[in-house]
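Novice: Take a look at this one; I'll ask things after.
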Amino acid sequence: MRRIPDALRAHLQQPVTTTCRLLKITLADGRQFGMTTLDRAVTYQGVEYSAINGINTSIIATDTGLSVDNAEATALLSSDIEGITVEMALAGDLDDAQWEMMLINWADISMGHMVIDAGDIGEVRIVDDMVYIPELLSFAMRLQQSIGHVWSRRCRAIFGTPANSQTGCGVDAESMWQAGEVTGIGDEPQRVFADSGLSMDPEPVPGRLRWLTGPNTSNRLYQVEAYSAVSGTIALLEPVPFPVAVGHTFEIRRDCNKSPSNCIGYSNLLNYKGEPFIPVGDGLETMTPSAQVFGGLSGSAIVD
């Protein structure tokens, strides 16, 4: 049941209405952006909802069975439009963003609004230099997700998080960050670069890297694929959105490969969130033991 203000309810019961929909996107850092289905901009509760940025609300779907609610939105952007830009989307600013869809009477916004739905932003893509958000996932989808964990020989913990949770690690990862500055670029300027003054022991493989300056600046953590202690060369597993240039600064640290030996290296085996000693009957099942196998080891060994 949706809560509808009395004045807006009375307006909706009229044969002719002056309503429109508002889509508010709230980024993880608190910034808010809006789009509207109206043919002109609307300012509501301190947020300006742009009419230039397109929004398609024709396939919003929901029912009482808690099926996955969904919607679709497409933002049309140009350099002179304030809002979410292609550069922001590529840099990951829309990661962990949330959305809210409202219905208002644009002719009299004092009537208040009705919340149509709200949730998390799903996949974000760039299509023809436009930000394309193909799915707006409703919070109702969370009610369909399984709660709990299955057995796993690898650790399920999120490295660097406090230990007192189901996915808690207990290792102080923040103290491991080491500052760096790009002094050279490789043949792949979006993936390979070097800091000739960087010296790390042990090497940060597996490792994580985040950018502090330059167009790639964001909270995204990129996985380090290779590191050369001789030249300070760093290769990322996946390319960054924009080319790296000399002078860009970053932070880099070690990570965890989720194995018991790695956890022992951090003196943290007590917080290991896995079951590495469960016997399995097939070497191919070393990640998730088979529920049909009983007894001891049958030709398989614990894979570290």
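The values are calculated or read from the model by the stated rules, or taken from the named source; none is laboratory data. On a predicted model such as this, the values are computed, not experimentally measured, just so you know. Neighbour counts are summed over all protein chains in view; Cβ atoms, including those assigned to glycine, are modelled from backbone coordinates with ideal geometry. For accessibility, only protein heavy atoms count, side chains too; no ligands or nucleic acids. Shrake-Rupley method; radii C 1.70, N 1.55, O 1.52, S 1.80 Å.
Novice: Identify, by number, the condition in (1) without any contact (Cβ under 8 Å) to a residue 60 or more places away in the chain; (2) of a type in the set (Lys, Arg); (3) part of a loop (DSSP other than H, G, I, E, B) that ARG154 doesn't meet.
Specialist: (1)
Novice: Among the strands (runs of 3 or more DSSP E) lying completely within the stretch 202-241, list those that include at least 2 residues that are closer than 20 Å to ASN262 by Cα and either in contact with a Phe, Trp or Tyr (Cβ under 8 Å, 6 or more places away or on another chain) or open to solvent by 60 Å² or more (accessible area, probe 1.4 Å) (or both).
Specialist: Counting at least 2 such residues, we get 207-211, 222-227.
Novice: Please enumerate the residues belonging to the stretch 1-41 that are surrounded by 16 or more Cβ atoms within 10 Å (Cβ to Cβ) and within 29 Å of the chain's Cα centre (by Cα).
Specialist: Of the residues in the stretch 1-41, the ones surrounded by 16 or more Cβ atoms within 10 Å (Cβ to Cβ) are 4, 8, 11, 19-27, 33-38.
Once the filter is applied, which keeps residues that are surrounded by 16 or more Cβ atoms within 10 Å (Cβ to Cβ) and within 29 Å of the chain's Cα centre (by Cα), the stretch 1-41 yields ARG21, LEU22, LEU23, LYS24, ILE25, THR26, LEU27, PHE33, GLY34, MET35, THR36, THR37.
Novice: Just the residues that are touching a Lys or Arg at 6+ places or on another chain (Cβ under 7 Å), surrounded by fewer than 20 Cβ atoms within 10 Å (Cβ to Cβ) and closer than 22 Å to ILE185 by Cα, please, taken from the stretch 242-275.
Specialist: Scanning the stretch 242-275 gives a single hit, GLU251.
Novice: While we're looking at this one, here's another question. Determine which member of the set SER67, SER78 is closer than 19 Å to ARG2 by Cα, modelled with pLDDT under 80 and open to solvent by less than 60 Å² (accessible area, probe 1.4 Å).
Specialist: Exactly one of SER67, SER78 is closer than 19 Å to ARG2 by Cα, modelled with pLDDT under 80 and open to solvent by less than 60 Å² (accessible area, probe 1.4 Å), namely SER67.
Novice: Looking at (1) at pLDDT 90 or above; (2) among the acidic types (Asp, Glu); (3) under 21 Å from TYR266 (Cβ atoms), can you tell me which one ASP201 breaks?
Specialist: (1)
Novice: Might you check whether a residue that is outside any loop (DSSP other than H, G, I, E, B), among the hydroxyl-bearing types (Ser, Thr, Tyr) and surrounded by 19 or more Cβ atoms within 10 Å (Cβ to Cβ) occurs anywhere in the stretch 132-146? If you could, list the steps in order and put the result at the bottom.
Specialist: Within the stretch 132-146, the first condition is being outside any loop (DSSP other than H, G, I, E, B), and the residues that meet it are 132-133, 136-144.
Add one more test, that the residue is among the hydroxyl-bearing types (Ser, Thr, Tyr), and what stays is 132, 138.
With surrounded by 19 or more Cβ atoms within 10 Å (Cβ to Cβ) added as a condition, the list becomes 138.
Yes.
Novice: Which condition from (1) open to solvent by 50 Å² or more (accessible area, probe 1.4 Å); (2) free of Cβ contacts under 8 Å to residues at least 60 places away in the same chain is the one that ASP117 breaks?
Specialist: That leaves (1) as the condition not met.
Novice: Are any residues in the stretch 184-201 open to solvent by 60 Å² or more (accessible area, probe 1.4 Å) and within 27 Å of ALA89 (Cα to Cα), and if so, which ones?
Specialist: Those that are open to solvent by 60 Å² or more (accessible area, probe 1.4 Å) and within 27 Å of ALA89 (Cα to Cα): ILE185, ASP187, GLU188, GLN190.
Novice: So which pairs qualify, if the first residue must be in the stretch 1-16 and in contact (Cβ under 8 Å) with a residue 24 or more places away in the chain, the second must be assigned to a helix (DSSP H, G or I), the Cβ gap must be under 9 Å, and the two must be at least 6 apart or on different chains?
Specialist: Matching pairs, first to second residue: ILE4/LEU12; PRO5/MET111; ALA7/SER110; ALA7/MET111; LEU8/MET111; HIS11/MET111.
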